[in-house]
Amino acid sequence: MRKVMPNISLRRVISAAIVMLVVVLMAIPGALNAQDATGANTGTINDVDATAAKVIDSIANAKDTSIAAVSSNVNKLAVAVQTIGNADGHNKIAINIMWTLLAGFLVMFMQAGFALVETGFTQKKNVAHTMGMNFLVYSLGMIGFWICGFAFMFGGALNAATLGGAPGVIPHEYTVHLFGHDFGIIGSVGFFLNSKVYDVGVFTLFLFQMVFMDTTATIPTGSMAERWSFKSFIIFGLFISMFVYPIFGNWVWGGGWLAALGVNFGLGHGHVDFAGSSVVHMVGGVAALAGAIIIGPRKGKYGPNGEVNTIPGHNIPMAILGTFILAFGWFGFNPGSTLAGGDLRIGVVAVNTMMAGTAGTLAALFYMYARGQKPDPGMLCNGLLAGLVAITAPCAFVNSISAVIIGAIAGILVILAYNLLDRKLKIDDPVGAFAVHGVNGAWGVLSLGLFADGSYGDGWNGVPGTVKGLFYGDSSQFFAQLIGTATCFIFVYVVMYLFFKLTNKIVPLRVKEADEIAGLDIPEMGVHGYVD
């Protein structure tokens, strides 16, 4: 059966189309008026509190000028202003919390960078083992820090001012009274993040500081790679996250005695470390040194007559990729340490971080060329990382020229330190962990005592005025940095040396010789890193 089509004339179709076009054209001006292409009409008082905005608008347009009406309007205005102020304050804290969390997420991603760097610089027969340590240290460190590390580190200073102040949290610091002053030793509030610290600011601070701690914990996995037993490593991961890192961290960031050197003894602003050259990197680097000394060199690293044999890494592209990931994560590490998205110093911190890292790379390159050597990609990577480690403490307190100088010196120091350990002292550190993090962590906090220019840090550690180094008129700040650096090395080295010695008697620190020669993937992990 043939379908009968309606008889629609061409004229009627054209007429309908014209009518629709006219309607659309008439609607366009209204649509444009409803849009805000420039953004100029957003972020008004209505976005803060619409009710308060209506109250203010009604007062502004009030025509009753009697005393009673004016008095009523003043009261209404006070309430409206308070409402807007509360909303604005809430938004400020929300911005700070969001900024701190995002920065923490970036630092967490650095764990992938460490895993790639260390695995790329070691042999392929140990890929699963090296990757496994870098993976598991995240879980071990988090649990250890949650149990007691966070409480020991920040339990004496849990105000978290930029993150809301934690008004219901009562901190407590154990102190020792000497020479007429109180010396803060260790915090005692916040174990297991219990109900007494159930606060958004405290939890935000925990996340940010936990990923910092994890950086410390993963550094020795590079210096002791390719011969460290996995069970012994597990004990280490808990120990450093629960005790060593938190205790020194308390002394610097938790209101402890190193931070109080300025208040108690007039030494600048006390030991200042903006983002962790000493607290994070030097602690990890010195622990790596102690571990490398006790565990001994890899088989075949040194010949019978003391000759040094190079054991090349199996995947340079992997190591370079890991280095880039670390450099990217450092933008969370350093700028994030403001704990405040509204602190505009973030821009200076980020640029100084970037400049010091690149200066370290180029300094390492030119030094190798000056020595008649080829530009070893491994040393270029370590030059970048050394510059980043060094600028971590002073990044907020120096200008860009100083940042380049600090990074360039770090790029040369890392080569000198690595060669000293490797060729003279016969300490086998496969990835140069101590040279990168230990030596340049120390250089970073000392450089702050030299180059801090007084443009930032007013009231730091309770001392009025900005932070200035030796070159800008405050020699006492440099002495405070010296004391903190020496304390870090002595405390961490002694404790970790004794720890490795003791645990070696309980759980062997080193794998069996046959397993080391064959590769640790199957004996320690049960799987190959590569199947070929």
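Do you know which residues across region 422-444 are touching a strand residue (DSSP E or B) at 6+ places or on another chain (Cβ under 6 Å) and not in a helix (DSSP H, G or I)?
Hit for region 422-444 is Lys426, nothing else.
State whether the residues of region 237-252 include one that is in a helix (DSSP H, G or I), closer than 17 Å to Gly441 by Cβ and of a type in the set (S, T, N, Q).
Checked against the condition, which is being in a helix (DSSP H, G or I), closer than 17 Å to Gly441 by Cβ and of a type in the set (S, T, N, Q), region 237-252 yields no hits at all.
Taking the conditions exactly as written (closer than 29 Å to Pro377 by Cα, among the hydrophobic types (A, V, I, L, M, F, W, C), surrounded by fewer than 19 Cβ atoms within 10 Å (Cβ to Cβ) and touching a Ser or Thr at 6+ places or on another chain (Cβ under 9 Å)), does Ile294 satisfy them or not?
no
From the list Thr162, Thr130, exactly one residue is buried (at least 21 other Cβ atoms within 10 Å of the Cβ), touching a Leu at 6+ places or on another chain (Cβ under 7 Å) and among the hydroxyl-bearing types (Ser, Thr, Tyr). Which is it? If you could, list the steps in order and put the result at the bottom.
On the way: Thr130 fails: touching a Leu at 6+ places or on another chain (Cβ under 7 Å).
The conditions single out Thr162.
Looking at region 165-182, I want the residues that are over 28 Å from Ala340 (Cβ atoms) and have a partner that is in a loop (DSSP other than H, G, I, E, B) with Cβ atoms under 7 Å, at least 6 apart or on another chain. Which pairs are those?
Close Cβ pairs satisfying both conditions: Tyr174/Ser188.
Going by the conditions given, is Ala128 out of contact with any strand residue (DSSP E or B) (no Cβ under 6 Å at 6 or more places or on another chain) and at pLDDT below 95?
It is false that Ala128 is out of contact with any strand residue (DSSP E or B) (no Cβ under 6 Å at 6 or more places or on another chain) and at pLDDT below 95.
Consider Glu516 against the criteria (1) closer than 22 Å to Asn264 by Cβ; (2) surrounded by 14 or more Cβ atoms within 10 Å (Cβ to Cβ); (3) out of contact with any His (no Cβ under 9 Å at 6 or more places or on another chain): it satisfies all of them except one. Which criterion is unmet?
Among (1) closer than 22 Å to Asn264 by Cβ; (2) surrounded by 14 or more Cβ atoms within 10 Å (Cβ to Cβ); (3) out of contact with any His (no Cβ under 9 Å at 6 or more places or on another chain), the lone unmet condition for Glu516 is (1).
State which residue pairs qualify: first residue closer than 18 Å to Cys395 by Cα and inside region 461-475, second residue of a type in the set (Val, Ile, Thr) and part of a helix (DSSP H, G or I) in any location, beta carbons under 9 Å apart, and separation of 6 or more residues or different chains.
Pairs found: Asn461/Val263.
Take region 59-94 and flag every residue that is farther than 30 Å from Leu339 by Cβ, surrounded by 13 or more Cβ atoms within 10 Å (Cβ to Cβ) and of a type in the set (S, T, N, Q).
Ser72, Asn73
Residues in region 262-280: is at least one surrounded by fewer than 24 Cβ atoms within 10 Å (Cβ to Cβ) and assigned to a loop (DSSP other than H, G, I, E, B)?
Yes, region 262-280 contains a residue that is surrounded by fewer than 24 Cβ atoms within 10 Å (Cβ to Cβ) and assigned to a loop (DSSP other than H, G, I, E, B).
The values are calculated or read from the model by the stated rules, or taken from the named source; none is laboratory data. Because the structure is a prediction, the values reported are computed rather than measured. For neighbour counting, all protein chains shown are included, and Cβ atoms are generated from backbone atoms with ideal geometry for every residue, glycine included.
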